[in-house]
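Heads up, the thing below is written out as structure tokens.
Coordinate-derived values only; no laboratory data. Just so we're clear, the structure is a prediction, and the values are computed from it rather than from any experiment. Cβ coordinates were reconstructed from backbone atoms using ideal geometry, including for glycine residues, and neighbour counts include every protein chain displayed.
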Amino acid sequence: MQDLKNKVAIVTGSTKGIGQAIAHSLLKAGAKVVVSGRREADCARVAKEFSASGEAFGIACDVRSREEVDALFAATEKKFGGVDILVNNAGLGEFKSVADMTDEEWSNVIDTNLTGVFYASRAGIHAMRKRGGGAILNIGSLAGKQAFPKAAAYCASKYGLLGFSDALMQEVRYDHIRVCCIMPGSVDTDFGAPGKERQAWKLQGEDVAEAVLMVLNQDPRALASRIELRPSEPPQKG
Ligand SMILES: NC(=O)c1ccc[n+]([C@@H]2O[C@H](COP(=O)([O-])OP(=O)(O)OC[C@H]3O[C@@H](n4cnc5c(N)ncnc54)[C@H](OP(=O)(O)O)[C@@H]3O)[C@@H](O)[C@H]2O)c1
């Protein structure tokens with residue numbers, strides 16, 4: 001893909017955190033960006049803040065809803081003429097033991113982190129085929145490779161996402177659609193605990209954004225299909 005000028009990108013869950021950093025980086029690299037999240041007002045606010053850096057547009061979309069995801073793609077095609085890049089970033093966690101987890105909490109995690117990625121990727125493939133190619137970047141997690149207690153739903157969703165991503169990569173590579181799963185360790189966002197104290201040793205959203213740009217900037221003959229991204233010096237245990 002390399003030259004991102006005038007490419008069209010949708011970043012799900014880009015009203016804050018990692019998604020916001022990715023959307024901003026894509027914008028600064030010349031792409032037209034759709035900012036998305038569940039709340040209309042947040043999407044409009046972030047798109048307005050971004051307007052100094054390029055062409056951004058806010059569209060509310062809950063990725064758990066197939067109708068809303070399809071509408072997101074339809075609105076993007078109407079506004080910008082097509083879609084070249086999809087970043088499946090929207091995600092959340094419910095961190096409690098399996099014994100105590102409700103059906104709703106389980107479904108919330110799986111429907112957002114996994115089924116939402118399916119809905120958006122399917123719509124993205126159809127849109128990208130019309131453009132002759134594109135890129136789908138899935139924001140997984142190191143929790144999709146290494147499980148830990150009180151995170152069964154989250155780990156299941158991210159292990160599942162890694163499998164989905166690897167299979168999809170093989171399905172669409174000859175459509176010139178590049179698929180990569182980026183798996184960060186701890187990133188300094190509100191994830192899991194809004195308003196929590198910032199910790200300097202953690203990754204920043206911008207570090208994940210840099211990995212996204214690296215994949216998009218690779219020569220078309222090469223594809224980083226999985227990236228593990230860790231804080232280089234986390235606190236030592238024991
Ligand atoms: N922070 C970490 O340590 C870390 C590490 C590895 C991977 N990740 C992954 O990185 C991604 C972003 O996490 P983050 O740390 O940036 O979290 P965050 O600060 O809580 O941001 C999450 C974003 O997703 C949106 N979102 C949540 N549910 C949604 C839904 N059903 N439909 C559409 N948008 C939804 C949120 O917006 P609304 O609430 O307004 O909808 C928000 O914009 C997630 O997939 C997460 O699993 C995070």
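For a quick check, take a GNM of the chain with Cα springs below 10 Å and name the residue from VAL172, VAL83, VAL109 with the largest mean-square fluctuation.
VAL172
Mean residue ellipticity at 222 nm from the helices of the chain, using -39,500 (n - 2.57) per DSSP H segment of n ≥ 4 over the full residue count, to the nearest 500 deg cm²/dmol?
Calculated mean residue ellipticity at 222 nm is -13000 deg cm²/dmol.
Quote to one decimal, in nm, the extra length available between LYS130 and LEU92 on full extension: 0.36 nm per residue of separation minus the C-alpha distance between them.
Values: separation 38, 0.36 × 38 = 13.68 nm, distance 3.14 nm.
Fully extending the segment from LYS130 to LEU92 adds 10.5 nm.
Just need the relative contact order of the stretch 123-212 here, percent rounded to a whole number, with Cα pairs under 8 Å and 6+ apart.
Dividing the mean separation by the residue count of the stretch 123-212 yields 30 percent.
Mind checking which of ALA31, ALA99, ALA224 has the largest fluctuation in a GNM of the chain, springs on alpha carbons under 10 Å?
ALA99
Considering every Cα-Cα pair within the stretch 76-126, what fraction, in whole percent, is farther apart than 14 Å?
Working: 771 of 1275 pairs.
Result for the distance tail: 60 percent.
Beyond 16 Å, what share of the Cα-Cα pairs of the stretch 140-238 is found? Please give it as a whole percent. Show your work: numbers first, answer last.
Values: 3092 of 4851 pairs.
Counting every Cα pair in the stretch 140-238, those more than 16 Å apart make up 64 percent.
May I ask for the angle, rounded to the nearest 10°, between helix 116-131 and the longest principal axis of the chain, with both axes built from Cα atoms and the value confined to 0 to 90°?
20 degrees
Would you list, by chain and number, the aspartates and glutamates whose Cα falls below 12 Å from the Cα of LYS5, excluding same-chain residues fewer than 8 positions away?
Candidates past the 8-residue exclusion: GLU55, ASP84.
Multiplying the sequence separation of LYS78 and ALA222 by 0.36 nm and subtracting their Cα-Cα distance, what value in nm do you get?
Working: separation 144, 0.36 × 144 = 51.84 nm, distance 3.18 nm.
Full extension from LYS78 to ALA222 adds 48.7 nm.
Excluding residues on the same chain fewer than 8 positions from LYS202, give the aspartates and glutamates whose Cα lies under 19 Å from its Cα.
Correct list for LYS202: ASP188, ASP190, GLU210, GLU228, GLU233.
Using just the C-alpha positions of the stretch 22-69 as equal point scatterers, what log10 of I(q)/I(0) does the Debye formula give at each q in 0.18, 0.26, 0.31 1/Å?
-0.51, -0.86, -1.04
Across 5 Å bins from 0, what is the distribution of all Cα-Cα pair distances for the stretch 107-167, in whole percents?
In order of increasing distance, the bins hold 4, 19, 26, 21, 14, 9, 5, 2, 1 percent.
Is there a pair in LYS16/LYS96; LYS150/LYS196; LYS28/LYS145; LYS7/LYS130 whose C-alpha atoms are over 21 Å apart, and which pairs would that be?
Where the Cα-Cα span goes over 21 Å, the pairs concerned are LYS16/LYS96; LYS28/LYS145.
Would you mind calculating the gained length between ALA52 and GLU197 on full extension (0.36 nm times residue separation, minus the Cα-Cα distance), in nm to one decimal?
Difference between extended and current length: 49.3 nm.
Show me, bin by bin at 5 Å from 0, the whole-percent P(r) of the stretch 7-127 based on Cα pairs.
Per 5 Å bin, starting at 0, the Cα pair percentages come out as 2, 13, 23, 23, 18, 10, 6, 3, 2, 0.
How large is the Rg to Rh ratio of the stretch 172-214 when both quantities use alpha carbon positions and Rh follows Kirkwood? Don't skip to the end; give the middle numbers.
Working: Rg = 14.3 Å, Rh = 12.4 Å.
Using Cα coordinates only, the ratio equals 1.15.
Where is the GNM fluctuation largest for the chain (alpha-carbon springs, 10 angstrom cutoff): LYS32, LYS48, LYS79?
Maximum fluctuation in the GNM of the chain, among the listed residues, is at LYS79.
Could you tell me how many cubic angstrom of Cα convex hull volume the chain has per residue?
125 Å³
Compute the signed sum of charges (Lys and Arg +1, Asp and Glu -1) over the other residues within less than 12 Å, Cβ to Cβ, of VAL8. Intermediate values should be presented prior to the final figure.
Numbers: positive: LYS5, LYS7, LYS32, LYS78, LYS79, LYS130, ARG131; negative: GLU55, GLU77, ASP84.
Local net charge: +4.
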